[in-house]
Amino acid sequence: MKREEILEKSRKENAGQDLYEKEIVREGGEVGIYVVLIMALVLFLIEMYVNDRARYELWAMFYSLMAAGYTVRLKASRKKRWQEILPAAAGWGAVLLEAAMYFRNLLGAAAML
């Protein structure tokens, strides 16, 4: 392909999109993930201090958010490298683990009633 053809194709793909705005939205999403992480950690520690037990639903939600983001990145990438596959797989594994811990606590509490 010639340079002009590549530029024309790029213009068609990015028609109506502001690259600066796309970058700002991407950065906002990354900051949002960190804010969710901090809030989940704070609420988890408060729950541990006040009720002396661990709750896992916040972590399941946080890992769901993180895993979904990595999965979207993996889907969008042209080359599927282990650096992109591993975080997505680890995120979904963490979701399953935290959900299992949540249901274990839930069933344990129901059995005590």
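Each reported figure results from applying straightforward, stated rules to the coordinates on display, with no laboratory input. Nothing here was measured: the structure is a model prediction, and the numbers come from that model. Backbone-built Cβ (ideal geometry, glycine too); neighbour counts: all protein chains shown.
Got a sec to turn the phi values of segment 34-43 into Karplus ³J(HN,Hα) couplings, 6.51 cos²θ - 1.76 cosθ + 1.60 with θ = phi - 60°, whole Hz, x for Gly and Pro?
Taking θ as phi minus 60°, the curve returns 5, 5, 4, 4, 5, 5, 4, 5, 4, 5 Hz for segment 34-43.
Please go through the residue pairs Lys2/Lys22; Lys2/Lys75; Lys22/Lys79 and name each one whose alpha carbons sit more than 25 Å apart in this structure.
Cα-Cα > 25 Å for Lys2/Lys22; Lys2/Lys75; rest within.
Quick one: which of 60-67, 48-55 comes out on top by average Cβ neighbours within 10 Å, and what's the full order, highest first?
60-67, 48-55
Kindly state, to the nearest 0.05, the FRET efficiency for Val42 paired with Arg81, given R0 = 41 Å and r defined as their beta-carbon distance.
The pair Val42/Arg81 has a calculated efficiency of 0.75.
On a C-alpha basis, how far is the centre of segment 66-110 from the centre of segment 18-59 in Å? Whole number, if you could?
After rounding, the separation between the Cα centres reads 15 Å.
Put +1 on the Cβ of every Lys and Arg and -1 on every Asp and Glu Cβ in the chain; which of Met61, Leu45, Gly93 then has its Cα farthest towards the positive end of the dipole?
Highest projection toward the positive end goes to Gly93.
Just one of (1) 130; (2) 144; (3) 105 is volume of the Cα convex hull per residue in Å³ as worked out from the coordinates here. Which one is it?
(1)
Select from Tyr102, Asn14, Ser77 the residue farthest towards the positive end of the dipole of segment 3-112; place +1 on Cβ of Lys and Arg, -1 on Cβ of Asp and Glu, and compute about the Cα centre.
With unit charges placed on the Cβ atoms, the residue in question is Ser77.
Placing unit charges on C-beta atoms (Lys and Arg positive, Asp and Glu negative, everything else neutral), compute the dipole magnitude of the chain about its Cα centre in debye, rounded to 20.
Using Cβ point charges on Lys, Arg, Asp and Glu, the chain gives about 580 debye.
Go ahead and set up a Gaussian network model of the chain, Cα springs under 10 Å, then flag whichever of Trp59, Trp92, Trp82 fluctuates most.
Maximum fluctuation in the GNM of the chain, among the listed residues, is at Trp82.
I need the phi-derived Karplus couplings for segment 60-70: 6.51 cos²θ - 1.76 cosθ + 1.60, θ = phi - 60°, integer Hz, Gly and Pro marked x.
Each residue of segment 60-70 in turn: 4, 5, 4, 5, 5, 4, 5, 5, 5, x, 5 Hz.
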